[in-house]
1. Run residue 115 past the list (1) part of a helix (DSSP H, G or I); (2) touching a helix residue (DSSP H, G or I) at 6+ places or on another chain (Cβ under 9 Å); (3) without any contact (Cβ under 8 Å) to a residue 60 or more places away in the chain and report the number of the one that doesn't hold.
2. Can you pull out the residues in the range 62-98 that are in contact with a helix residue (DSSP H, G or I) (Cβ under 7 Å, 6 or more places away or on another chain) and surrounded by 14 or more Cβ atoms within 10 Å (Cβ to Cβ)?
3. Of all residues in the range 118-135, count the ones that are without any contact (Cβ under 8 Å) to a residue 12 or more places away in the chain and crowded, with 17+ Cβ neighbours inside 10 Å.
4. Out of (1) out of contact with any helix residue (DSSP H, G or I) (no Cβ under 8 Å at 6 or more places or on another chain); (2) in a helix (DSSP H, G or I); (3) within 25 Å of residue 124 (Cα to Cα), the odd one out for residue 48 is which?
5. Determine whether residue 55 is touching a helix residue (DSSP H, G or I) at 6+ places or on another chain (Cβ under 9 Å) and within 25 Å of residue 28 (Cα to Cα).
6. Any residue that is closer than 18 Å to residue 101 by Cβ and in contact (Cβ under 8 Å) with a residue 40 or more places away in the chain - is there at least one of those in the range 33-40?
């Protein structure tokens, strides 16, 4: 039985991370909605912007990886063809893993923005309520 490659294992871990991130997003939205989450003005957008930058960096890395993979040749013989096949397989696993990581990071950016919006709306409603009571 063939063992999973390091990139395949990382891809599995990225999938697990995506599942945990979905749960965290739900918990974050619940905390924001119930008023348990407090955020400094602009902190959610700053966190989301960092996620956007990380996703952009992954896109650039993937573009370079795809270009690099297309250029690799190991000779037109049995050993060269086998090496090229193993290299291509590992590259595909790496690309798939990085695409999962990018998706997780993009989802995190969305979660930060959504939580920031909920907190901002709750703060505005609280100020309006407080002003109505003091007036």
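Nothing in this text is a laboratory measurement; each read-out follows from the coordinates by a stated rule. Values in this document were obtained by computation on a predicted structure and should not be read as measured data. Cβ coordinates were reconstructed from backbone atoms using ideal geometry, including for glycine residues, and neighbour counts include every protein chain displayed.
1. It fails just one condition, (3).
2. Those that are in contact with a helix residue (DSSP H, G or I) (Cβ under 7 Å, 6 or more places away or on another chain) and surrounded by 14 or more Cβ atoms within 10 Å (Cβ to Cβ): 62, 65, 69, 74, 90, 91, 93, 94, 95, 96, 97, 98.
3. 0
4. (1)
5. On the way: touching a helix residue (DSSP H, G or I) at 6+ places or on another chain (Cβ under 9 Å): yes; within 25 Å of residue 28 (Cα to Cα): yes.
Yes: the conditions hold for residue 55.
6. Step one: filter the range 33-40 for residues closer than 18 Å to residue 101 by Cβ, giving none.
No: zero hits.
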